[in-house]
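These notes concern the structure reproduced below.
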Amino acid sequence: MERGLSFLFLLAISVGPIHSAPSTDTLDTIKLKEVVVEAVNPNREVIPTQQLEGEELRRLNSNSVADALRYFSGVQIKDYGGVGGIKTVNIRSMGTNHTGVIYDGAELGNAQNGQIDLGQFSLDNIEAISLHNGQKSQILQPARDFGSAGTIYLRTKTPHFNEGRNYNLRGTLRFGSFDLLNPSALLELKLSERTNLSLSTELVNSSGKYKFRYRRVNPAGEIAYDTTAVRQNGDINATRIEMNVNGMLNNGEWHFKAYNYNSERGVPGAIVNNVWRRGERIWDTNSFLQANFTKNSGIYSTLNTAKYSFYRTHYVNNDDKQIKIDNIYRQREFYLSSAHEVSPSNWCHLSASYDFIWNTLNADMYGFAKPDRYTNLMSVALALDWQRIKLQASGLMTFVHDRLKGQQSPADKHVFTPAVYTSFFPFSSSDFSVRAFYKRSYRMPTFNDLYYADMGNSKLAPERVAQYNVGVLYNRTGRGFVSATRISIDAYYNKVHDKIVAYPKGQQFRWTMLNLGVVEIKGVDISANVTVNPYNDLYVTARAQYTYQQAIDITNPADNYYRDQIPYIPHHSGSAVINVVWGDWNLNYSYIYVGERYNQQENIRYNYTQPWYTSDISASRSLHIGQVGLRLLAEVNNLFSQDYDVILNYPMPKRNYRFAITIEL
């Protein structure tokens, strides 16, 4: 209650009146229509990249970052249902822990279980989301960024001020199904010509109750039960406060971020044998401070980053049919990075980076190991850029030392992981390119994987991944009927040794861990988007993605599941978005499809999970009343009220609605 009142106080301050000095200019003013300039990015990407940004991102029917990532090819989302359900992401079947999430230049970490709950991160202040397979093309980056098999970059909105203004203010109220109440506010201040500040606040409150159909068929093909019920214990009350301070220097810039997320939510447990589990609750506090500084003096550039984060989780299980649990977990991370780049010529760039990471985990449990982890990372990279050929190579050395309280510490780990990327432009135009890369990556088991009393497996081996990719890209922008066209096709082969897999153990928060041995992944990602301008201010954009994946266990020919598809990885998946903009009106339709999967290692009928698809539609209208901008939005999600599970026994909502009113000053 106290947290909610403090948020509403901040919101009241944010939307209160702000007066600026009256203008003394006697000249008439003429309001010009917005002009959009499109051009080919001169820094052509070497590495396959997908991106959603600006208005295109805002048009999607998405509550969180996880919802938006569904529209990228090669991505699998684990969603346990509802507004407050945990949401994690997996790229190209390599596992959640091989996916790095970079928020404004610093990676989000979770040494306890390695899983970033992307449902905690709102789209309200996000300007762009990009997905890089391997790593991004710029070699001036922290050593940690070279270590992930795939990386998601989140970039918050950078303030821009019109002439004569020193503030921007935006307030949004969202409401709809599940008793959703979601107000948010964004205040941007121009502190000086080179410094600005933004404050973003948000409240999410929802009962999480929604109707669903629960139907199960036994192995004989007979209906075991078929019922309609209301999902319980999916409520959430969360607040987010984020402050960003940005500064410009001569040939450089600096950024500071303070972030705090607090939530209390029920855990909508699995529904097994027609039994609803509803005794679990989680209180989360996720706070961090981070700062980075960039300086470019021509031949030499440097990027320095520091971050401190604190994550507190209070987990309670009062289910009468399970062991009573009431535990508090506290994890801390200190992160320091220094990256340097030298450019002896326009076509040659060299970089070196060093990162230090300290992680610790404590819990109020008897005999808890209280691990500390010290990680040192050193990277070197080379980028060559000729007229039609771009080449990038990097090497990362990782040293890991774990220390346990009152127990013998495991042996230190160290590994070298190289990567090579290339792209070739066969024609004089840069519209068409061919690309390829090879990369090795490595990830340590998390603290929960190794040391958690009920589920940890101290004998787990670290995962090792080899990635191979070849693809083509056609990207053209211009004027006329077709204003933009982009088509990319990538074929890839990944091999994961000692793959660690987490299965829900009847409860979201606790897992059972095992090594699958060797997993072989073959796949194809296809994405395309085109924008046409058939008439004056009428624009139609179509975007589509398709992924084929064969991810099989090839560990032991004697196993019953040898060469079977690994759990929850579909052979076929994809999405499509059609957007129509006509003046101040905007209509958006999106479709997501996930093919048949298996929820256990053996691909037998009993473990079969049926395909699912959803259709979402939204319409919005933008208005201007004097100096005030107004935007009205109405959404219908799961338009055809499909019954589906992303994860078995965690039913998702049927048809639901959301409305939003946004005011900008």
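The values are calculated or read from the model by the stated rules, or taken from the named source; none is laboratory data. Since this is a predicted model, take the numbers as computed values, not measurements. When we count neighbours, we look across all protein chains shown, and the Cβ atoms used for this are built from the backbone with ideal geometry, even at glycine.
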Problem set entry | Boolean, SER148 is surrounded by fewer than 21 Cβ atoms within 10 Å (Cβ to Cβ) and either within 25 Å of SER527 (Cβ to Cβ) or in contact (Cβ under 8 Å) with a residue 60 or more places away in the chain (or both) | no
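Any idea which of ILE77, ILE126 is farther than 28 Å from ARG403 by Cα, surrounded by fewer than 24 Cβ atoms within 10 Å (Cβ to Cβ), in contact with a Leu (Cβ under 7 Å, 6 or more places away or on another chain) and at pLDDT below 80?
Numbers: ILE126 fails: at pLDDT below 80.
Checking each option against the conditions leaves just ILE77.
Suppose we filter GLY406, GLY395 for residues that are small (Gly, Ala, Ser) and modelled with pLDDT of 90 or more; which single one remains? Show your work before the answer.
Values: GLY406 fails: modelled with pLDDT of 90 or more.
Unique residue meeting the criteria: GLY395.
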Problem set entry | First in the stretch 507-534 and closer than 15 Å to LEU460 by Cβ and assigned to a loop (DSSP other than H, G, I, E, B), second anywhere and at pLDDT below 85 and of a type in the set (A, V, I, L, M), Cβ under 6 Å, 6 or more apart | LEU516/VAL501
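I need the full set of residues from the stretch 309-346 which are β-branched (Val, Ile, Thr), loosely packed, with under 15 Cβ neighbours inside 10 Å and either at pLDDT 95 or above or over 28 Å from the mean Cα position of the chain (by Cα) (or both), in order please. Before you say what the answer is, go through the steps one by one.
Step one: filter the stretch 309-346 for residues β-branched (Val, Ile, Thr), giving 313, 316, 323, 325, 328, 342.
Still in the list and also loosely packed, with under 15 Cβ neighbours inside 10 Å: 323, 328, 342.
Selection gives ILE323, VAL342.
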For this session: Would you mind telling me which numbered condition in (1) surrounded by 21 or more Cβ atoms within 10 Å (Cβ to Cβ); (2) modelled with pLDDT of 70 or more; (3) within 30 Å of LEU169 (Cα to Cα) GLY84 fails?
Result: (2)
Problem set entry | Residue in the stretch 461-482 that is surrounded by 15 or more Cβ atoms within 10 Å (Cβ to Cβ), of a type in the set (Val, Ile, Thr), modelled with pLDDT under 90 and under 22 Å from the mean Cα position of the chain (by Cα) present | no
Exercise. Could you say which residue among THR294, THR302, THR313, THR285 is more than 25 Å from GLU242 (Cα to Cα), polar (S, T, N, Q) and in contact (Cβ under 8 Å) with a residue 12 or more places away in the chain?
Worked result: THR302
For this session: Please state which of the following conditions PHE175 fails to meet, knowing it meets all the rest: (1) closer than 30 Å to GLY234 by Cβ; (2) crowded, with 19+ Cβ neighbours inside 10 Å.
Result: (2)
Exercise. On the given criteria, is GLY109 in contact with an Asp or Glu (Cβ under 6 Å, 6 or more places away or on another chain), crowded, with 19+ Cβ neighbours inside 10 Å, assigned to a loop (DSSP other than H, G, I, E, B) and not hydroxyl-bearing (Ser, Thr, Tyr)?
Worked result: yes
Problem set entry | Matching residues, the stretch 364-380, being at pLDDT 95 or above and of a type in the set (Gly, Ala, Ser) | SER379
Problem set entry | Residue among GLU163, GLU242, GLU202, GLU188 that alone is without any contact (Cβ under 8 Å) to a residue 12 or more places away in the chain and acidic (Asp, Glu) | GLU163
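Per-residue answers, yes or no, for (1) closer than 24 Å to MET248 by Cα; (2) of a type in the set (Asp, Glu):
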position	(1), (2)
GLY134	no, no
GLN138	yes, no
SER148	no, no
ILE152	no, no
ARG155	yes, no
GLU163	yes, yes
ASN168	yes, no
THR172	no, no
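Hey, does the stretch 90-98 have a residue that's β-branched (Val, Ile, Thr), over 21 Å from ILE241 (Cβ atoms) and either in a loop (DSSP other than H, G, I, E, B) or at pLDDT 80 or above (or both)?
If we filter the stretch 90-98 for residues that are β-branched (Val, Ile, Thr), which is where we start, we get 91, 96.
Those still in the list that are over 21 Å from ILE241 (Cβ atoms) too: 91, 96.
In the following step, the residues that additionally are either in a loop (DSSP other than H, G, I, E, B) or at pLDDT 80 or above (or both) were identified as 91.
Yes; the residues of the stretch 90-98 include at least one that is β-branched (Val, Ile, Thr), over 21 Å from ILE241 (Cβ atoms) and either in a loop (DSSP other than H, G, I, E, B) or at pLDDT 80 or above (or both).
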Seminar exercise, completed: Scanning the stretch 495-533 for residues that are modelled with pLDDT under 90, of a type in the set (A, V, I, L, M) and under 21 Å from the mean Cα position of the chain (by Cα) gives ILE500, VAL501, ALA502
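Would a scan of the stretch 87-99 turn up a residue that is within 28 Å of VAL540 (Cα to Cα), surrounded by 22 or more Cβ atoms within 10 Å (Cβ to Cβ) and free of Cβ contacts under 8 Å to residues at least 60 places away in the same chain? Spell out the reasoning first.
First, pick out the residues of the stretch 87-99 that are within 28 Å of VAL540 (Cα to Cα): none.
Within the stretch 87-99, not a single residue is within 28 Å of VAL540 (Cα to Cα), surrounded by 22 or more Cβ atoms within 10 Å (Cβ to Cβ) and free of Cβ contacts under 8 Å to residues at least 60 places away in the same chain.
Tell me whether the stretch 596-618 contains one or more residues that are outside any strand (DSSP E or B), among the aromatic types (Phe, Trp, Tyr) and touching a residue at least 24 places away in the same chain (Cβ under 8 Å). First the steps, then the outcome.
Narrowing the stretch 596-618 to residues outside any strand (DSSP E or B): 596, 599-607, 610-611.
Still in the list and also among the aromatic types (Phe, Trp, Tyr): 606.
Still in the running and touching a residue at least 24 places away in the same chain (Cβ under 8 Å): 606.
Yes, the stretch 596-618 contains a residue that is outside any strand (DSSP E or B), among the aromatic types (Phe, Trp, Tyr) and touching a residue at least 24 places away in the same chain (Cβ under 8 Å).
Looking at the stretch 270-282, is at least one residue of a type in the set (Gly, Ala, Ser), part of a strand (DSSP E or B) and either within 30 Å of VAL316 (Cα to Cα) or at pLDDT 95 or above (or both)?
The first filter runs over the stretch 270-282 and keeps only residues of a type in the set (Gly, Ala, Ser), leaving 270, 279.
If we keep only those that are part of a strand (DSSP E or B) too, we end up with none.
Looking for residues that are of a type in the set (Gly, Ala, Ser), part of a strand (DSSP E or B) and either within 30 Å of VAL316 (Cα to Cα) or at pLDDT 95 or above (or both), one finds none in the stretch 270-282, hence no.
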Exercise. Which pairs have Cβ atoms under 6 Å, sit 6 or more apart or on different chains, and link a residue in the stretch 625-644 that is exposed (fewer than 14 other Cβ atoms within 10 Å of the Cβ) to one that is among the hydroxyl-bearing types (Ser, Thr, Tyr) and modelled with pLDDT of 90 or more?
Worked result: PHE640/SER615
For this session: Would you be able to say whether some residue in the stretch 347-357 is closer than 22 Å to ASP117 by Cβ, β-branched (Val, Ile, Thr) and buried (at least 19 other Cβ atoms within 10 Å of the Cβ)?
Result: yes
For this session: Would you point out which residue out of ARG170, ARG194 is crowded, with 18+ Cβ neighbours inside 10 Å, within 28 Å of GLY247 (Cα to Cα) and charged (D, E, K, R)?
Result: ARG170
